[in-house]
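The values are calculated or read from the model by the stated rules, or taken from the named source; none is laboratory data. The shown structure was predicted, so the numbers you read here are calculated from the model rather than taken from an experiment. Cβ placement follows ideal geometry from the backbone for every residue including glycine, while neighbour counts extend to all protein chains displayed. Heads up: the accessible areas ignore ligands, DNA and RNA and are worked out on the full protein's heavy atoms, side chains in. Shrake-Rupley method; radii C 1.70, N 1.55, O 1.52, S 1.80 Å.
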Amino acid sequence: MSPAPQVRKNFLKFLRSFLGIVRILQIVFGAGLWITIAANKYEGSIHFVLFVAVLFWLLTLALFFLTLLDKQDLVPLLGGERWLCTNLAHDVAATVLYLPAVGVMIYKTDRNSFCNLEAYKHPCLFKIYLTATVFACLCCLAYLLSVTFGACRKCRGEQTVIC
């Protein structure tokens, strides 16, 4: 008997779990954020937002695929019994760094709100910054949900990531 049905069952179990859905949302919102910023002109403090978005997008992709493939035991020092704590630490760090990123995006959006008039003919970054602000807020919310979920699971003494 081949292990393919068991692997497929584990894939579906993780993808249907709360953490699997939240990780997918984090990946989608994070990609939306950094693509929105990188596809347009940016300067100054937007570099920090782009750094946070790309860093945590890549880390979330890695956590997602390691958990999806059930290979977290292969990660030295962070895998095995520490995997839930690793996910929790990642989500806390992402939430803490996304909060100032949201603040930067709100500030930049507000600074460019003058060009939101129909009669304004010059290039305007208001709509781009507004879109990036929405994506940053959604990312922060998704990571905050993940922190809350992981902390509740850790307090209950659970060790595995998949419910």
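General remarks:
- In the condition set (1) open to solvent by 50 Å² or more (accessible area, probe 1.4 Å); (2) under 13 Å from the mean Cα position of the chain (by Cα); (3) free of Cβ contacts under 8 Å to residues at least 24 places away in the same chain, R8 is compliant with all but (2).
- Residue in the stretch 126-146 that is touching a helix residue (DSSP H, G or I) at 6+ places or on another chain (Cβ under 7 Å), modelled with pLDDT under 90 and either more than 22 Å from G30 (Cα to Cα) or surrounded by fewer than 14 Cβ atoms within 10 Å (Cβ to Cβ) (or both) present: no
- Tallying residues that are among the aliphatic types (A, V, I, L, M) and either part of a loop (DSSP other than H, G, I, E, B) or open to solvent by less than 70 Å² (accessible area, probe 1.4 Å) (or both) within the stretch 26-37 yields 4.
- Taking the listed residues N87, N40, the one that is in contact with a helix residue (DSSP H, G or I) (Cβ under 6 Å, 6 or more places away or on another chain), modelled with pLDDT under 95 and part of a helix (DSSP H, G or I) is N87, with no other qualifying.
- Once the stretch 43-70 is narrowed to residues that are part of a helix (DSSP H, G or I) and open to solvent by 70 Å² or more (accessible area, probe 1.4 Å), the residue that is modelled with the lowest pLDDT is F65.
- The residue of the stretch 116-136 that is farthest from I37 (Cα to Cα), among those that are assigned to a loop (DSSP other than H, G, I, E, B) and aliphatic (A, V, I, L, M), is A119.
- Residue in the stretch 70-77 that is farther than 26 Å from A151 by Cβ, over 16 Å from the mean Cα position of the chain (by Cα) and in contact (Cβ under 8 Å) with a residue 40 or more places away in the chain present: no
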